[in-house]
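Reading through the structure tokens given below for one structure.
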């Protein structure tokens, strides 16, 4: 969309794992076309860029409250007829109330500035999902190019990926179901290569393996070979999803990237007290069922997200072809919608045109 973006981040070290070109000691730097600044809540200098140019759009991400002096700057702009669009970007939700509350306005009690709540979700009436303009094209080119895939596996120091009947990735929180999954893979009649990016899932996998597993290690038990990968940047993680036959993902970001991959996936939603997360999980599965219903997929999703459930994962492996069809139909449904960024730009243009009338 050719928009100048400034992003404030309070933890550049963690950010650098996702974007290796980030240099954590620098308080201000460029990441491609984005200006990245270190966020200090009580330090006005860290927000000095806000004073250089008028703000067109200000986005609060995931409950990150902006300081009072920034609100005061926006109020000054409003007084001269240049009010910025103030967006409160909420967490992803498939529940119906997210669509009902999308772009709901809230008036600031002191300044009269209007803040709009933006809810990412899975329908055209929602705030949409993040998707780069060329993402699906890049995925298709990767999956149609044997040379590109060989280069990808080579970067991971894996030269025998074609020797396995199936390839899976596992990126999850701690999960008691991991033990049963690994048992099923190890005793299956087909060989599986399981790729595990370094993270919380390694605790359960190491317990199952009866040895501490770390980045770069590889172990085989019967039909299952596990390779521990480094924490991957976005591009490499996307390619991992594209290259696997089944992806276990978690949280929000990897969950959405798995859907753009158009490959079968199992989602580990972040566990919450009183099983509130299961309400959110069922809401998501209900939406998918309107496009392609699959009882076994729903059953396995619930098993993966319910502690201490003994589940027969072997029945999942024989239905991956059916799941592939479901994943592509669902991805097509989502791709037919406009992305979150496009919807946001259109909303800004609408509000800007109304303010000019």
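Residues in the range 238-279 that are without any contact (Cβ under 8 Å) to a residue 40 or more places away in the chain, surrounded by 20 or more Cβ atoms within 10 Å (Cβ to Cβ) and either within 16 Å of residue 140 (Cα to Cα) or more than 18 Å from the chain's Cα centre (by Cα) (or both): 257, 258. When the range 202-228 is filtered for residues that are in contact with a helix residue (DSSP H, G or I) (Cβ under 6 Å, 6 or more places away or on another chain) and in a helix (DSSP H, G or I), the ones remaining, listed by number, are 204, 208. Among the residues of the range 310-321, at least one is in contact with a strand residue (DSSP E or B) (Cβ under 7 Å, 6 or more places away or on another chain) and surrounded by fewer than 17 Cβ atoms within 10 Å (Cβ to Cβ). Set side by side, the residues 49, 26 differ, and just one is surrounded by fewer than 17 Cβ atoms within 10 Å (Cβ to Cβ), outside the structural domain of residue 269 (by TED's automatic domain parsing) and modelled with pLDDT of 85 or more, which is 26.
Here is a yes/no grid of residues against (1) more than 22 Å from the chain's Cα centre (by Cα); (2) not in a loop (DSSP other than H, G, I, E, B):
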residue: 281; (1), (2): no, yes
residue: 297; (1), (2): no, yes
residue: 301; (1), (2): no, yes
residue: 306; (1), (2): no, no
residue: 322; (1), (2): yes, yes
residue: 328; (1), (2): no, yes
residue: 343; (1), (2): no, yes
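For residue 93, the stated conditions hold: it is farther than 30 Å from residue 220 by Cα and touching a residue at least 60 places away in the same chain (Cβ under 8 Å). Confirm whether residue 336 is at pLDDT 95 or above, farther than 15 Å from residue 177 by Cα and either surrounded by 15 or more Cβ atoms within 10 Å (Cβ to Cβ) or in contact with a helix residue (DSSP H, G or I) (Cβ under 6 Å, 6 or more places away or on another chain) (or both). Considered against the rule, which asks whether it is at pLDDT 95 or above, farther than 15 Å from residue 177 by Cα and either surrounded by 15 or more Cβ atoms within 10 Å (Cβ to Cβ) or in contact with a helix residue (DSSP H, G or I) (Cβ under 6 Å, 6 or more places away or on another chain) (or both), residue 336 comes out as no. Only one of the numbered conditions (1) over 30 Å from residue 188 (Cβ atoms); (2) out of contact with any strand residue (DSSP E or B) (no Cβ under 9 Å at 6 or more places or on another chain) is violated by residue 340, and that is (2). Scanning for something out of contact with any helix residue (DSSP H, G or I) (no Cβ under 8 Å at 6 or more places or on another chain) and assigned by TED's automatic domain parsing to the domain that holds residue 209, does the range 229-236 turn up at least one residue? Checking the range 229-236: at least one residue is out of contact with any helix residue (DSSP H, G or I) (no Cβ under 8 Å at 6 or more places or on another chain) and assigned by TED's automatic domain parsing to the domain that holds residue 209.
The values are calculated or read from the model by the stated rules, or taken from the named source; none is laboratory data. Predicted, not measured: the structure shown is a model, and the values here were computed from it. A quick note on method: Cβ atoms are made from the backbone with ideal geometry, for glycine too, and the neighbour counts reach across all protein chains shown.
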